Each structure stands twice: as structure tokens, then as C-alpha cells.
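The values are calculated or read from the model by the stated rules, or taken from the named source; none is laboratory data. Here the structure is a predicted model, which means the values were calculated and not measured. When we count neighbours, we look across all protein chains shown, and the Cβ atoms used for this are built from the backbone with ideal geometry, even at glycine. Note: accessible area is taken over every heavy atom of the protein model, side chains too, but ligands, DNA and RNA are not part of it. Shrake-Rupley method; radii C 1.70, N 1.55, O 1.52, S 1.80 Å.
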Amino acid sequence: VSASTEGAGLAARHALGWLLFGCTVGLWMALGLVAPRLGDTLAPWTYGRWAPVHLNSLLYGWSALPWVGLLLRAYAAPLSGWLGARTAVTAWSATLAYGCARWLSGDTSGKLFMDWRGESRLLFPAALLLLSGTLLRGLIGGWRNWDRRGRFFRSALWLVLAPVGPLLGWAADPSLYPPVNPDSGGPTGVSLLGSTLALIGILLATPALLGLPQAPGACRRTRRLAVGLALHLAVLAALPWGEASHHDPLQIAAMASLLPWPIWLLRIGRGVQWPEGARPWLLAFAGWGAFLTASACLLFLPGWLERAKFTNLLVGHAHAAMAGMLSAYLAVILLALSPDARGLGSPGAFWAWQAGSVLHVLATKGAGGLEAFHPGIAFSASTAFSTLYVLRLLSGVLLTGAAVHWWRRASAPPGLESSPCPNP
Ligand code: HEM
């Protein structure tokens with residue numbers, strides 16, 4: 001096992017640990033919504049304090065660490081030493097754990113997904129800087145082993161990634177906000193297009209970064225799509241970036257221009273030699289991706305967004321995006337990165353996760369639909385609404401059960417599972 005593979009394995013185990021933690025917190029929150037009195041048992045750690053812990057542990061832990069593992073492997077980062085993979089991954093998790101402790105103590109800026117405040121606002125970006133140091137050490141150490149393209153690609157990517165830590169610390173300033181849609185208080189169509197194109201760029205580069213073999217046709221298609229992405233980004237750059245309403249046809253067109261991308265991405269995926277056990281996850285990723293792109297465009301339409309905003313419809317959207325689509329891709333990355341993630345290939349846990357995600361999205365979208373037409377229903381004694389919350393709780397049991405399985409498989413000593421039963 002090479003040092004870089006061990007670093008990626010460590011990141012994979014941390015990611016699965018954060019998934020289990022985040023799901024357990026989500027389950028506790030869902031239970032609190034069904035039986036609010038239960039929340040008192042852990043006071044002052046009440047619902048509002050658990051909410052940022054749930055979001056951020058799943059975003060910065062589960063959703064981010066697989067990419068950290070991918071980078072550690074792509075840069076052949078050594079495992080030990082001050083600038084080793086072990087220090088980088090431990091610092092990442094330790095500063096995130098510190099953030100969770102601060103959010104639980106009520107220290108939150110309220111800036112969703114950018115909730116770094118006080119010393120956490122220094123510590124977490126510092127952990128990101130440490131990671132860039134680790135990648136640089138790997139880049140210098142492995143320089144001779146890569147050809148010219150490999151060196152250029154890694155150097156260019158490092159230059160793009162190195163400022164992310166300080167930028168994150170700066171962007172966490174609660175007085176700093178991107179352009180806002182004045183009719184919803186949410187992001188504009190142009191900002192949503194920008195963030196989705198960035199995600200598409202990452203998805204295009206991932207098979208190469210993972211070192212997965214690709215058929216010549218797939219390489220050609222990837223290059224063509226990279227050119228298409230560059231053109232789309234050029235159009236984005238020419239669009240007005242200021243505040244704009246979703247009633248503006250240009251903002252709707254910006255969102256709708258994303259619709260063909262799931263089909264194009266699917267076509268390049270077919271020529272890649274994905275790791276064993278990845279196929280069901282890739283199909284799930286494609287299904288969730290198509291559902292999400294179509295439903296996000298509908299949700300953005302005038303008349304619909306006004307009703308959906310601040311209801312469970314957006315909670316359902318967030319879970320379709322993160323528990324459904326993104327998590328499916330993260331599973332593929334982890335399967336490619338490390339044997340520690342082999343549990344993700346278990347069909348039982350896969351189906352439990354998919355059933356849990358579908359049920360979660362149906363229940364929250366259903367609850368959101370009720371809220372859209374009966375604002376305030378969440379505060380009345382509605383049997384239909386309460387039943388949907390109970391269903392969401394059940395979905396949480398399925399999701400957490402799958403997370404327990406993956407965590408147990410990742411923490412089992414290597415070789416133990418495959419060893420034959422000893423003869424009596
Ligand atoms: C055991 C599984 C889970 C349960 C029971 C659960 C439950 C919840 C609950 C109760 C909320 C708060 C909604 C509200 O305040 O009305 C929430 C929000 C959220 N959860 Fe989960 N969750 C789970 C898994 C996940 C996973 C795996 C992810 C991401 C990978 C995730 C991402 C989010 C996000 C982004 C939000 C914010 C939604 C918003 O504010 O619009 N959750 N979740």
C-alpha cells in the first residue's frame with residue numbers, strides 16, 4: 001500500500017465517520033420535530049443548535065473529505081510528517097469538530113454553509129492552508145514521476161486551490177453577501193448557473209484525477225465537453241451579475257441552459273472504467289441529477305418560488321441534491337480511492353440509502369406542498385403534516401442504518417472479513 005493510498009484511505013474513513021455523525025444528528029432533529037418535548041432532555045443543545053452541526057458536518061465532513069482524499073492521491077502526498085496526509089486530514093476533522101462544539105454552544109453567525117465565526121474562522125481556513133502545503137510537498141516530491149501534462153495539470157490545479165482557505169475565511173464575513181434575488185431573498189439565476197457550472201467542471205475532471213482508465217472515445221468526448229463548458233462559462237461572464245429577480249426572463253434562461261448537461265455528462269461516464277461496485281451508484285447519480293435539474297428549474301419559476309421559499313420544499317430539494325445526487329458520486333469516489341470504503345458496494349446498504357433518500361425527499365416535498373397552500377400548517381394539529389414528519393423520521397432510520405454499516409465495514413481490520421472460517 002503506497003503512502004498516498006493510505007492518506008486517501010484515512011480521508012475516506014474520516015468522511016464515513018462524519019456521515020454517521022451527521023445522519024445521527026439529523027435523526028435526532030427529525031425525532032425532535034415529531035416529539036418536540038424530547039429536545040428538552042439535551043437543553044441547552046436544542047434544535048436550533050443542532051441544525052448547523054447537521055449541515056456543516058455533512059457538508060465539510062462527509063461531502064468534502066472524499067475530494068480531499070482524491071487530491072492526496074492525485075498529488076501522491078506522503079503520509080507522515082508535519083506536511084503529511086495524516087496531519088492534513090486530522091487537522092481538517094479536528095477544526096471541524098471544534099466548529100461543531102462552537103455551534104452547539106450557540107456561537108453561530110447564521111450565514112448558511114459559511115458559518116465560521118470567531119477562532120473557528122481562523123482555524124478551519126488554516127487547516128485548508130495546511131492541506132495545500134501537503135499537496136505542494138507531494139507535487140515537489142513526485143515531480144519527476146509525472147509527464148509534462150501531469151505536471152502542468154497538477155501545478156495549475158494547485159494554484160487554483162491554494163487560495164481557497166483564506167478566501168473561505170474572508171467569505172465567512174456575515175456582512176458579505178453575493179447578489180440576492182429581491183423577490184425571494186435567495187440566489188439569482190446567474191449565481192445558481194455559476195455554482196452549477198463549477199460543479200460540472202469538477203465532475204469532468206474527476207475520472208482523470210482518480211486515474212481511472214478511459215476509452216479513447218470518452219477522452220475525446222471529455223475534451224469536447226470541456227470546450228462546451230468553457231463556452232458556457234464565457235456566456236456566464238457576459239451576463240449581468242447584480243441583483244435580479246426570478247421574474248426576469250434572462251435569469252430563467254440562465255437556469256434552463258443547464259438542462260442538457262445531465263445527458264452530456266452521462267455520455268462521457270459510459271467510456272470510463274469505473275471501480276467495482278460503482279455501477280448502481282452511478283445510475284443513482286444520473287437519476288438524482290436528472291430529477292434535480294428538472295425540479296430546480298421548475299422551482300425557480302415565477303409564482304412557484306414565492307410559494308416554495310421557506311417551506312419544506314427547499315428542505316426536500318437540499319436532500320435530493322446532497323443525500324441523493326452528491327452522495328452517490330461521493331460513494332463512487334470512495335470506492336475508487338480506498339478498500340476501506342468497500343462497504344459501499346453492499347447492495348443492502350445501497351438500497352437502504354436510496355429508499356431512505358427517496359422517502360425523505362417525498363415526505364419533505366409533500367410537507368412543503370402542504371405549507372405552500374396552507375401557510376402555518378406546520379404550527380397546527382394537522383394529521384397529514386405530522387404523518388409526513390413521521391415518514392421523514394423513518395427515512396432517517398434507513399439512512400443512518402446504511403451509514404452505520406459503511407462505518408463498521410471501514411473500521412473493521414483489513415483482511416478480517418475475507419479470511420476463511422477456521423477449521424474446528
Ligand atoms: C439520517 C438522515 C437525515 C435526516 C433525518 C435529516 C434531517 C434533517 C432535518 C430535520 C433538517 C432540518 C430541516 C428544518 O429545519 O426544517 C435537515 C436539513 C438539512 N439536511 Fe438533513 N437529514 C439527513 C441526512 C442528510 C444528509 C445525508 C445530507 C447531506 C449529505 C443532509 C443535508 C441537509 C441540508 C443541506 C439541510 C438544510 C436544508 C435547508 O435548510 O433547506 N441531510 N435535515
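Residues in segment 287-324 that are closer than 20 Å to Leu27 by Cβ and either surrounded by fewer than 16 Cβ atoms within 10 Å (Cβ to Cβ) or without any contact (Cβ under 8 Å) to a residue 12 or more places away in the chain (or both): Ala318 alone.
Would you check if there is a residue in segment 80-96 being more than 24 Å from Leu399 (Cα to Cα), within 14 Å of the ligand (Cβ to nearest atom) and touching a residue at least 12 places away in the same chain (Cβ under 8 Å)? No, every residue in segment 80-96 fails to be more than 24 Å from Leu399 (Cα to Cα), within 14 Å of the ligand (Cβ to nearest atom) and touching a residue at least 12 places away in the same chain (Cβ under 8 Å).
Residues in segment 105-132 that are surrounded by 16 or more Cβ atoms within 10 Å (Cβ to Cβ) and over 22 Å from the mean Cα position of the chain (by Cα): 1 in all.
Condition check ((1) buried (at least 18 other Cβ atoms within 10 Å of the Cβ); (2) more than 16 Å from the ligand (Cβ to nearest atom); (3) closer than 30 Å to Ala278 by Cα) across all residues:
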position	(1), (2), (3)
Ser338	yes, yes, yes
Gly348	no, yes, yes
Gly356	yes, no, yes
Pro375	no, no, no
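Can you find a residue in segment 265-282 that is within 17 Å of the chain's Cα centre (by Cα) and open to solvent by 30 Å² or more (accessible area, probe 1.4 Å)? Looking through segment 265-282, at least one residue is within 17 Å of the chain's Cα centre (by Cα) and open to solvent by 30 Å² or more (accessible area, probe 1.4 Å). For segment 12-61, taking the residues that are free of Cβ contacts under 8 Å to residues at least 40 places away in the same chain and aliphatic (A, V, I, L, M), the one that is farthest from the ligand (Cβ to nearest atom) is identified as Ala43.
Answer yes or no as to whether Ala331 is open to solvent by less than 40 Å² (accessible area, probe 1.4 Å) and either of a type in the set (S, T, N, Q) or over 25 Å from His14 (Cα atoms) (or both). No; evaluated as a whole, the condition is false for this residue. You will find that of Ser338, Ser327, the residue that is in contact with a helix residue (DSSP H, G or I) (Cβ under 7 Å, 6 or more places away or on another chain) and polar (S, T, N, Q) is Ser338 and no other. Of the set (1) part of a loop (DSSP other than H, G, I, E, B); (2) closer than 24 Å to Leu65 by Cα, all apply to Ala318 but (1). Residues in segment 303-315 that are assigned to a helix (DSSP H, G or I) and within 10 Å of the ligand (Cβ to nearest atom): Asn312, Leu313, Leu314, Val315. For segment 175-195, residues that are open to solvent by 50 Å² or more (accessible area, probe 1.4 Å) and over 23 Å from Arg307 (Cβ atoms) total 5.
Inspect segment 19-39 for any residue being more than 26 Å from Phe385 (Cα to Cα) and open to solvent by 30 Å² or more (accessible area, probe 1.4 Å) and give the result as yes or no. Checked against the condition, which is being more than 26 Å from Phe385 (Cα to Cα) and open to solvent by 30 Å² or more (accessible area, probe 1.4 Å), segment 19-39 yields at least one hit. Residue count for segment 17-63 under the criterion of being out of contact with any helix residue (DSSP H, G or I) (no Cβ under 8 Å at 6 or more places or on another chain) and part of a loop (DSSP other than H, G, I, E, B): the result is 3.
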